[in-house]
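A short worksheet on the structure shown next.
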Amino acid sequence: MSATAVASRSRPVGSRLEVVPSSNGFGADIVGFDFELLDERQVAEMRAAWLDHGVVRFRGYRFSDEQQVRLTGMLGDFVKHPRQLKGEEGAHPDHEEILVIGNAKVDGKSSGTMGNSEAQWHTDTWFYERPPAAALLHAIELPPEGGDTYFADMYGIYEQLPSALRKILEGRLIQSTTIFDGAGRVRTGQTAPDTDDIRLWAHMRHPIVRTHGESGRNCLYVGIDSPSSWIVGLPLDESAAILSEIFDFVRMPDFQFKQVWEDGDMIMWDNRCTMHRRDGWDGQYTRVMHRTTTLGERPFYRY
Ligand code: SIN
């Protein structure tokens with residue numbers, strides 16, 4: 001994030017909101033937010049902090065699913081993940097806007113999606129033409145350890161890439177297959193590929209360097225860390241080498257915000273300019289999170 005973002009610890013006159021940036025400016029805590037009131041001005045201030053810092057955390061609050069849904073609705077239109085649709089494992093019993101992520105079981109059946117395994121680096125719902133802008137993840141039940149979530153600053157990484165590599169990437173598309181989900185399962189309505197050539201697999205393509213629709217800044221947008229991703233037009237081995245170099249940056253703690261969850265925490269990230277992954281945890285313990293997302297612009301690149 002920017003140096004100005006690091007210095008922007010602030011409490012605007014007339015507001016009880018305070019923004020406390022993390023030491024590298026990527027990620028900030030939001031203090032004094034009022035979930036009862038959900039006052040438009042305060043929501044706008046919080047939103048501005050989220051645009052500046054990429055990830056914001058709400059810690060020490062108590063709020064309901066209704067309040068999470070109301071807040072999300074003030075930020076934009078909802079996006080629904082395929083697994084939150086009625087009858088799917090991640091559907092919420094009362095709120096169709098919420099995706100339930102977790103390993104709880106009801107009557108022996110999963111009542112959440114993604115289980116207890118590690119999730120590799122990804123951006124949410126990259127397989128849609130218009131992936132989400134904001135994602136809000138609320139911790140409902142946590143295991144005693146594990147399940148930490150890591151966010152990577154894709155503006156910062158783009159700015160640090162060697163300029164020769166930036167030149168190769170600018171104007172190119174990243175192709176990621178739509179056949180498999182993050183757990184390697186064939187998605188509903190898709191069929192397993194009948195060739196090993198990943199270039200021929202059913203896919204979604206987005207610009208690998210993306211212009212953020214609100215900040216106007218460019219950042220990397222990779223979709224998911226997977227051997228089936230391909231930088232369109234490059235020889236497969238060159239594409240794999242570049243993606244591996246990009247993920248070497250993503251794995252650097254300097255570009256990360258690490259979330260060790262506490263009861264009731266909520267993280268809101270900008271899905272357009274960040275990636276995230278999470279650790280697994282011991283499956284005898286339950287972890288349940290409620291996620292809501294808002295619609296982003298169709299990814300585009302402006303030089
Ligand atoms: C997600 O990928 O949206 C979920 C992350 C998590 O469970 O921490």
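The values are calculated or read from the model by the stated rules, or taken from the named source; none is laboratory data. Source: prediction; values computed, not measured. Neighbour counts are summed over all protein chains in view; Cβ atoms, including those assigned to glycine, are modelled from backbone coordinates with ideal geometry. Accessible surface is based on the protein model in full, side chains and every heavy atom, while ligands, DNA and RNA are left aside. Shrake-Rupley method; radii C 1.70, N 1.55, O 1.52, S 1.80 Å.
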I'd like to know if the range 70-82 contains one or more residues that are at pLDDT 95 or above, charged (D, E, K, R) and open to solvent by less than 40 Å² (accessible area, probe 1.4 Å). no
Every residue in the range 145-187 that is loosely packed, with under 14 Cβ neighbours inside 10 Å and of a type in the set (Lys, Arg), please. 167, 185
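Only residues that are aromatic (Phe, Trp, Tyr), away from the ligand (no atom under 13 Å from the Cβ) and within 25 Å of residue 73 (Cα to Cα): list them for the range 122-157, please.
Let us first name the residues in the range 122-157 that are aromatic (Phe, Trp, Tyr), namely 126-128, 150-151, 155.
Imposing the further condition that a residue be away from the ligand (no atom under 13 Å from the Cβ) reduces the set to 127-128, 155.
Listed by number, the residues that qualify are 127, 128.
Of the residues 215, 229, which single one is hydroxyl-bearing (Ser, Thr, Tyr) and either open to solvent by less than 40 Å² (accessible area, probe 1.4 Å) or at positive phi (or both)?
Values: 215 fails: either open to solvent by less than 40 Å² (accessible area, probe 1.4 Å) or at positive phi (or both).
That would be 229, the only listed residue that is hydroxyl-bearing (Ser, Thr, Tyr) and either open to solvent by less than 40 Å² (accessible area, probe 1.4 Å) or at positive phi (or both).
Whether any residue in the range 154-176 is within 20 Å of the chain's Cα centre (by Cα) and farther than 27 Å from residue 237 by Cβ is what I want to check. Working first, answer last.
The initial filter retains those residues of the range 154-176 that are within 20 Å of the chain's Cα centre (by Cα), namely 154-159, 173-176.
Now drop any that are not farther than 27 Å from residue 237 by Cβ, which leaves 155-156.
Yes, some residue in the range 154-176 is within 20 Å of the chain's Cα centre (by Cα) and farther than 27 Å from residue 237 by Cβ.
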Those residues of the range 252-274 that are exposed (fewer than 14 other Cβ atoms within 10 Å of the Cβ) and among the basic types (Lys, Arg) come to a total of 1
